[in-house]
Amino acid sequence: MASMTIRNLDDALKQRLRVRADTHGRSLEDEARDIQRMALATTEPVASNLADTIRARLQSVGGVELEISPRQPIRDAPDFDA
């Protein structure tokens, strides 16, 4: 099994973790492992492209119907010799 060291952990955060571990009757390390296990147990679907990411983020706001303007024929290229 692997081990990990977390450096520069805020003292207040460590104290909160210690209190939480005491509340659950576990060691500090066991509480940290459980938090990591719970956080990584839920997987969020990964969008396949940028459009899907934007659509997923804005889905709760609702849709917007945009008017698509009619297409125009392609203009002739400018004549610079004249």
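The table that follows gives values for the structure above.
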| quantity | calculated |
| --- | --- |
| Directionally averaged projected area (convex hull, Cα atoms, the chain), nm² | 14.8 |
| Apportionment of accessible area to carbon and sulfur, the chain, percent (1.4 Å) | 54 |
| Computed magnitude of the charge dipole of the stretch 20-63 (debye, nearest 20; Cβ of K, R +1, Cβ of D, E -1) | 220 |
| For the chain, calculated [θ]222 nm from helices alone, where every DSSP H run of n ≥ 4 adds -39500 (n - 2.57) | -14000 deg cm²/dmol |
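The values are calculated or read from the model by the stated rules, or taken from the named source; none is laboratory data. Everything quoted here is computed from the prediction, not taken from an experiment. Ideal geometry is used to build each Cβ from the backbone, glycine not excepted, and the neighbour counts take in all protein chains shown. What goes into the accessible areas is simple: the full protein's heavy atoms, side chains included, and nothing from ligands, DNA or RNA. Shrake-Rupley method; radii C 1.70, N 1.55, O 1.52, S 1.80 Å.
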